[in-house]
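Reviewing the structure listed below.
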Amino acid sequence: MVRNVMVSDFQCHSDGRGDLFVAEYRKELPFLVKRIYYICDIKDKEIVRGLHAHKKLRQVMICLGGECSVIVDDGKKRETIVLDRPGKAIFIEPGVWREITNFSRNATLMVLASDLYDEDDYIRNYEDYLKYIGEKN
Ligand code: T46
């Protein structure tokens, strides 16, 4: 498995009315959420989003509807995780390169983030990322 990436399922309360998923701080969620955003209406499966790593930001990604693939890379290993059900979550710690692709037409990717938006936290060039991660390890 790629370092600093974890996949798990949120608890689901299912009854005749449907499914209710829960993620609570200190249980399923390791950090307090300061920001949420979601990505939808991706018109082409070939589109790739992400293509960066974060220096400090912690994130959880959930595909609420439809599906998409999250490619995670720790500088040594690369892995593809398919988010294809609303209870499945990927926890991505700082220092992991990510690319998100293969969005189905109806996909909605929701992201819970540990901090506010800060462009200085991004490493958007893969060569810079390898250098950064190499210096850290
Ligand atoms: C990530 C993947 C999954 C904001 O103004 N505030 C925000 O909170 C975010 C996330 C973005 N923006 C602006 C910055 C850009 O002008 O929205 C525009 C698109 O952002 P970006 O190119 O970073 O989008 P993605 O889909 O490549 O990446 C985003 C997140 O930035 C990133 O943290 O992990 O979604």
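Just a few scattered comments:
- FRET efficiency for the pair Lys55 and Asp19, taken as 1/(1 + (r/R0)^6) with r the Cβ-Cβ distance and R0 = 41 Å, rounds to 0.70.
- Protein heavy-atom surface of segment 20-137, 1.4 angstrom probe: 51% of the accessible area is carbon and sulfur, with nucleic acids and ligands not counted.
- Computed from backbone phi, the HN-Hα couplings of segment 20-36 come to 10, 9, 10, 9, 10, 3, 6, 9, 7, 9, x, 9, 7, 7, 9, 7, 10 Hz, rounded to whole numbers (Karplus: 6.51 cos²θ - 1.76 cosθ + 1.60, θ = phi - 60°; Gly and Pro given as x).
- Table column - 3J(HN,Hα) (Hz), segment 72-86, Karplus curve with 6.51, -1.76, 1.60, x for Gly and Pro: 10, 8, 9, x, 10, 10, 10, 9, 10, 10, 8, 9, 10, 8, x
- In order along segment 48-53, the phi-based Karplus estimate (6.51 cos²θ - 1.76 cosθ + 1.60, θ = phi - 60°) of 3J(HN,Hα) comes to 10, 10, x, 6, 6, 10 Hz; Gly and Pro are listed as x.
- Kirkwood-based shape ratio for segment 40-131, expressed as Rg/Rh from alpha carbons: 0.95
- Å² of accessible area per residue within the chain, as computed with a 1.4 Å probe and no ligands counted: 59
- Pairs exceeding a 26 Å alpha-carbon distance, out of Lys77/Lys131; Lys55/Lys76; Lys27/Lys76; Lys45/Lys136; Lys56/Lys76; Lys27/Lys136: Lys27/Lys76; Lys45/Lys136; Lys27/Lys136.
- Aspartates and glutamates whose Cα lies under 18 Å from that of Lys43, excluding same-chain neighbours fewer than 8 positions away: Glu67, Asp84, Glu99
- Most mobile listed residue (Ser114, Ser14, Ser69) in the chain, GNM with C-alpha springs under 10 Å: Ser14
The values are calculated or read from the model by the stated rules, or taken from the named source; none is laboratory data. Source: prediction; values computed, not measured. Note: ideal-geometry Cβ built from the backbone for every residue, glycine included; neighbour counts use all protein chains shown. Just so you know, the surface numbers come from the protein's heavy atoms only, side chains and all, with ligands and any DNA or RNA stripped out. Shrake-Rupley method; radii C 1.70, N 1.55, O 1.52, S 1.80 Å.
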